[in-house]
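Shown next, in structure tokens, is the structure this report addresses.
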Amino acid sequence: MIRHLGRMVGITLLVVHCMFYPFLPGRQDGSAVPLSTVAQLLGVAELLLVPVGLLWLAYELKQQALRRRELPRARRRYHFTMTSLIVASIVAMLACYSGKPDDGEKLVAPIKSFGTPLGDVLVRRPYA
């Protein structure tokens, strides 16, 4: 379990580093932009697989509930809590626009108007 968690954290850190590699200060080699692009494409592909994972999780939880119908009430609440946490943490939007600030604000306006966010960090930031 610890080894698996360590691998997941390590791979996540590697992908995040590759994604932000072109934006780090200093000189980069020719692989900076391709690595960042691949990391971003993998992120999009993984987001497309989230609904599959949720359906799989719901199926597995239902199967467990059917197998263990006589579980104590506290144990049943655990499954509901875990499912609620997973569903609640699904949507996180990331956006970056590296052009004119006025054009960027027009482009992210639909994202900002999509419901009430828990946190909003889509603001103008200096590049350097």
| Accessible area of GLU105 in the full protein assembly, 1.4 Å probe (Å², nearest 10) | 100
| task | First select every other residue whose beta carbon is under 14 angstrom from the beta carbon of LEU54; then total the charges, Lys and Arg +1, Asp and Glu -1. | result | -1
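The values are calculated or read from the model by the stated rules, or taken from the named source; none is laboratory data. Not measured: the values here are computed from a predicted model. Backbone-built Cβ (ideal geometry, glycine too); neighbour counts: all protein chains shown. These area figures cover heavy atoms from the full protein model, side chains too; ligands, DNA and RNA do not enter into them. Shrake-Rupley method; radii C 1.70, N 1.55, O 1.52, S 1.80 Å.
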